[in-house]
Structures are given as C-alpha cells and as structure tokens.
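*Asks:* Below are the structure tokens for one structure; questions will follow.
The values are calculated or read from the model by the stated rules, or taken from the named source; none is laboratory data. Please read these numbers as outputs of a predicted model, since none were measured by experiment. When we count neighbours, we look across all protein chains shown, and the Cβ atoms used for this are built from the backbone with ideal geometry, even at glycine. Heads up: the accessible areas ignore ligands, DNA and RNA and are worked out on the full protein's heavy atoms, side chains in. Shrake-Rupley method; radii C 1.70, N 1.55, O 1.52, S 1.80 Å.
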Number of protein chains: 2
Amino acid sequence: MASSDSPGNGGRRGRRPGDSGTREAILDAARARFSSEGFRGATVRAIAGDAGVDPALVMHFFGTKQALFVAAMEFPLDPAEIVPRLLGPGVDGLGERLLRFLLGIIDELGDANPMLGLVRSAVTHPDAARMMREFLGEAILDRIAAGIDADRPRLRADLCASQIVGILVARQILALPELAAADRELLVGIYGRTIQRYLTEPLDSS
Amino acid sequence: MASSDSPGNGGRRGRRPGDSGTREAILDAARARFSSEGFRGATVRAIAGDAGVDPALVMHFFGTKQALFVAAMEFPLDPAEIVPRLLGPGVDGLGERLLRFLLGIIDELGDANPMLGLVRSAVTHPDAARMMREFLGEAILDRIAAGIDADRPRLRADLCASQIVGILVARQILALPELAAADRELLVGIYGRTIQRYLTEPLDSS
DNA sequence: TCGCGATCTCAACGCCCGTTGAATCCGAGT
DNA sequence: ACTCGGATTCAACGGGCGTTGAGATCGCGA
C-alpha cells in the first residue's frame, strides 16, 4: 500500500544518476511500516516494496532488520531540548503544557509515529521493550524527575508514563470511540490535571 | 519452556485411556503463550509442544489459530457479575475498589493473563483489537457507564480504560522500575483517585 | 464381540520470512 | 581514458509458519 515508485526504477541494475535519496526513502517506508505494524509485523520485503527497491538493498544499507528498526525509530525531536522547554515556565500548568504538546505531535506525526512503532513492538519484542524503557527513562522521565521538586520523583515520572502510554494505546491504537472523538482541548484539561497531580501533589491518600 | 509432558505421550498414535484432558492442556498452554508473546509471536507448534501434543491435534480441536486464540483469551471472570459487585456499595470509593480488584487479579493470574494477551495482540492484530474493543466496551465500560450518574458516561469509561491499559503496559509489560516495585496499596490510592475523578467529577477544567 | 467414531501422530504442502553472494551498472577521482 | 567503489538487482538459501490429509489406535455402545 502507498507504494509510489520514485527511486530504484526501471528494473535496471546498477547506479542511478543523482544523489538518489534512496536511503531516506527506505527510512521513510520503514518508519511507516514499523509504526503501523510493529517490528514483527513489518517485513523487510514490504518496506523495500514501499520504497520501490530490492530487499537486498535494505540489508546493504542497514545490515539487519534490527538495525533498520533502530535507525527508523529514532525520535524526530530532541528530548534534551523539549523537556527543558516544557519545564521552563515552572511547574505550574506543566501538566497541561505537556499534554498539549503530546497531543499536538501525535496529530502532526500521523502514520509515521515512532512512539506508536515503539509501543507496538515493545509489547511483543523484548529488545524493543528495552529500547523504549531506556529512551523513556533516560531521555524523558529522568529529566522530568530532575526538574520537579517533590518526593519520589522517578515514581512520579513513571506514573505519568503510564497515563501517556495508556492514551497512546486507548486513543490511537484501540481507538475507543468517545476517546478518539473527544475534543483535543477537553482532553488536555482532563489528562493535564492527572499529570499535574502525579508530578506535584502528595502521593499518599488524602 | 515449561514443557511438562503429561498428555499425549509415548510417541504412540491413537487414543489414550481416560478422559485425557488434552484439550484443557492445549488451552492452558495457549493462554500462557498468547499472554506472553501475543497472537503473532505465539506459534501453534510451540503451544502444541508445551502441551506435549502434535500441532495437528490443535487444529483438530480448534480448527484455526484464530479460533484457538478466541477460546484461550476468554476472560476467566464474568463481567456481568463483577461489575455490579464493584458498583454495589455505591459510587463512593469506587475508584479504589476497582483498582484493588484489578491489581489483585493481575497478581493472581500471573503468566496466563488474558488481558495481557489481548493487549499484546491488539496493538498489532486488527482482529484482536476489535475483540478487545468489543469486550472492553460491551462487557465492562458500558456497564460502568450505566452505573454512574454523570454527564458523558461513556467518555468517562473510556478515560478509565486509558489509565488501566496504561497500567498494564507500563507496569506489567514495560516494567518501569519504580512503578513495578511500588507498594500495591500506594498504587491503589494514587490510581484509585484518578479513576474516581474520571468517573464522578466535572470534566471541564476547574 | 464388533465396529463406530473420537483421539492422536506423521509427513508433507505451499508460503513467507531475513539474509547472502554474485553480478551489473555507472558517477567520480586521477 | 580508466579504474575504483558505491548503488542496485537477481536468484537462491534455509528455516519457520499455519494448515491438510491420511492413517493408526483404542474406548465404548450395541
């Protein structure tokens, strides 16, 4: 599906003129396939097909399906930059800011969303689970934990992760009907308050 | 792994004496495999191996891998009974009751947890996603929505589902360290309050 | 006692997978 | 003008998959 045929065409072997951009075409196709079908479900052959290229070329560039996965699932935004930007204005309203940002990029990325690819792969593939745990942990959660002033900061970050992953699965993957249809700003308010509570309010019961 | 060899042994063909219990052994093996590896990752051959039986016998009993999945993922508890029991004492403390119950059966079911199998399969396999959406929706969420007295009851139920699925993925599958290690009653308090808010408090921002 | 039918195994089918090795093509550097 | 090496394809490999059909075994009702 969606197999346009810009690169590698004509059935002729050998090098095509120009800078080709084939590598990027493969990465784009891989992002889309991994995101919507997960590591196991996406096949090298289908990715190559989408990119209009022989499967062997994929191996030539990336060596291994696993390595292609790592390359394709690289997060398109740098957490070292965005986390401080979200934390910048202070801890007030942090939950809403975080959620507005999250729902924004979910809609923006659409089909080729590495977060979805990581989730779809992690639930089945232990290596992908490790990748996701490390990315979430080191790149995001620990940074957030370091930026708030409260007890058990890392547990608080994990709580946030559990609600965010739940949003991804329930809204984007399962597509629970009222949740998928709900107004975005309404969700920002509801979930933002949850995140805010996880980050800053006392943890033991009221 | 875990392949004991009670049924179908001896390499001899034909019927064994007694009531055999082979069908149940296959279902048990299927539950464990589907739960820990998802629909695609679990193979008929591995399930048959765990049950100490030829793969063809699995097909003889269930006809299809898909049908075996449906049979194995049947929820071991009847929602038509437990949802009213949770709703019974009224809406006060419903969040905590729901969470105590949920974390309880998660620990109780251990390896062979149909909820995990459904999640692990649904993120990749559209049929399983439909199964899970329908089971969640008709058997649980709609019942809860009918039992609370508030606006947009189904959206509220979907919000609960998103947090619960997030707990399953972050705590049981990704095993985020502080979340997996946290005291159960602490989590009951924290998440219980979230669920309570989703079910009964005003939805638009304070 | 006999045979029906359920239980069970064996061997094979066709398919798709990730990966490999050799061959071809052609732009760029000398 | 000539090579060198990267880009690209083709054909094949070995292995795992779900599924099938034929046949063996044996408990149980008549």
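*Asks:* About the Cα centre of the stretch A:22-72, how large is the charge dipole given +1 on each Lys and Arg Cβ and -1 on each Asp and Glu Cβ? Please answer in debye to the nearest 20.
*Replies:* 160 debye
*Asks:* Between A:ASP111, A:ASP78, A:ASP50, which gets the highest mean-square fluctuation from a Gaussian network model of chain A, Cα cutoff 10 Å?
*Replies:* Its mean-square fluctuation being the largest, the pick is A:ASP78.
*Asks:* Still on this model: Mind telling me which of B:LEU116, B:LEU159, B:LEU174 comes out most flexible in a GNM of chain B, alpha-carbon contacts under 10 Å?
*Replies:* B:LEU174
*Asks:* Take every Cα pair under 8 Å in the stretch A:40-117 that's 6+ residues apart, average their separations, divide by the length, and report that relative contact order as a whole percent.
*Replies:* Result for the stretch A:40-117 is 23 percent.
*Asks:* Stokes-Einstein at 37 °C, 0.692 mPa s, Kirkwood radius from Cα pairs: D for the protein assembly as shown in µm² s⁻¹?
*Replies:* For the chosen part, D equals 142 µm²/s.
*Asks:* OK, next. Look at the axis of the rotation that sends chain A onto chain B, then give the chain A residue with the nearest Cβ and the distance in whole Å.
*Replies:* Residue plus distance in Å, as requested: A:GLY166, 1.
*Asks:* Using a 7 Å offset from Cα along the direction of the beta-carbon, what are the separations from B:SER205 to the same position in each other copy, nm, ascending?
*Replies:* Its label point is 3.1 nm from the equivalent points in the other copies.
*Asks:* Ok, one more. Using only alpha carbon pairs under 8 Å that are at least six residues apart, calculate the relative contact order of chain A and give it in whole percent. Present the calculation step by step, with values, prior to reporting the outcome.
*Replies:* Details: 201 pairs, mean separation 47.4, N = 206.
It rounds to 23 percent for chain A.
*Asks:* Mean residue ellipticity at 222 nm from the helices of the protein assembly as shown, using -39,500 (n - 2.57) per DSSP H segment of n ≥ 4 over the full residue count, to the nearest 500 deg cm²/dmol?
*Replies:* Numbers: 24 runs with 260 residues, N = 412.
Taking each H run of at least 4 residues, the total per residue is -19000 deg cm²/dmol.
*Asks:* Using only protein heavy atoms and a 1.4 angstrom probe, determine the accessible area buried between B and A, summed over both sides, in Å² to the nearest 100.
*Replies:* Details: alone 11610 and 11610 Å², together 19130 Å².
It comes to approximately 4100 Å² buried between B and A.
*Asks:* How far is the Cα center of the stretch A:41-81 from the Cα center of the stretch A:109-177, in Å?
*Replies:* 22 Å
*Asks:* For A:GLU24, go 7 angstrom from Cα along the Cα-to-Cβ vector, then report the distances to that same point in the other copies in nm, smallest first.
*Replies:* 6.2
*Asks:* Using a Förster distance of 25 Å, how high is the FRET efficiency between B:LEU186 and B:ILE148, based on the Cβ-Cβ distance and rounded to 0.05?
*Replies:* So, using R0 = 25 Å, E works out to roughly 0.50.
*Asks:* Please give the average number of partner chain Cβ atoms lying within 10 Å of the Cβ of each residue in B:195-202, rounded to a whole number.
*Replies:* That average works out to 1.
*Asks:* In addition: Which value, in debye to the nearest 20, describes the size of the charge dipole of the stretch B:38-102 about its Cα centre when Lys and Arg Cβ atoms bear +1, Asp and Glu Cβ atoms bear -1, and nothing else is charged?
*Replies:* 200 debye
*Asks:* In whole Hz and in residue order, list the ³J(HN,Hα) couplings for the stretch B:74-87 that follow from phi through the Karplus curve 6.51 cos²θ - 1.76 cosθ + 1.60, θ = phi - 60°; x for Gly and Pro.
*Replies:* 4, 5, x, 10, 8, x, 4, 9, 7, 4, x, 5, 6, 6
*Asks:* Heavy-atom accessible area of A:GLU96 with all protein chains present, probe 1.4 Å, nearest 10 Å²?
*Replies:* A:GLU96 has an accessible surface of roughly 70 Å² with all protein chains in place.
*Asks:* Kirkwood hydrodynamic radius, chain B, all distinct C-alpha pairs: what's the number in Å?
*Replies:* Values: mean 1/r = 0.0533 Å⁻¹.
Roughly 18.8 Å, rounded to one decimal.
*Asks:* Looking only at other chains, what is the average number of their beta-carbon atoms within 10 angstrom of each beta-carbon in A:137-147?
*Replies:* 1
*Asks:* Inter-copy label distances at A:ASP78, 7 Å along the Cα→beta-carbon direction, one decimal in nm, shortest first?
*Replies:* 6.0
*Asks:* Sticking with this one: Mind listing the phi-derived Karplus ³J(HN,Hα) values for the stretch B:106-117, rounded to whole Hz, using 6.51, -1.76 and 1.60 with θ = phi - 60°, and x for any glycine or proline?
*Replies:* 4, 5, 5, 6, x, 4, 9, 10, x, 4, 5, x
*Asks:* Here is a follow-up. Rounded to the nearest 20 debye, what is the charge dipole size of chain B about its Cα centre when +1 sits on each Lys and Arg Cβ and -1 on each Asp and Glu Cβ?
*Replies:* That gives chain B a dipole magnitude of about 720 debye.
*Asks:* Given contacts defined as C-alpha pairs under 8 Å and at least six residues apart, what's the relative contact order of the stretch B:79-200, whole-number percent?
*Replies:* For the stretch B:79-200, the relative contact order is 39 percent.
*Asks:* Which whole-Hz ³J(HN,Hα) couplings does the stretch B:179-193 yield from phi under the Karplus relation 6.51 cos²θ - 1.76 cosθ + 1.60, θ = phi - 60°, glycine and proline marked x?
*Replies:* Karplus-based 3J(HN,Hα) across the stretch B:179-193 equals 6, 5, 8, 5, 4, 5, 5, 4, 5, 4, x, 5, 5, x, 5 Hz.
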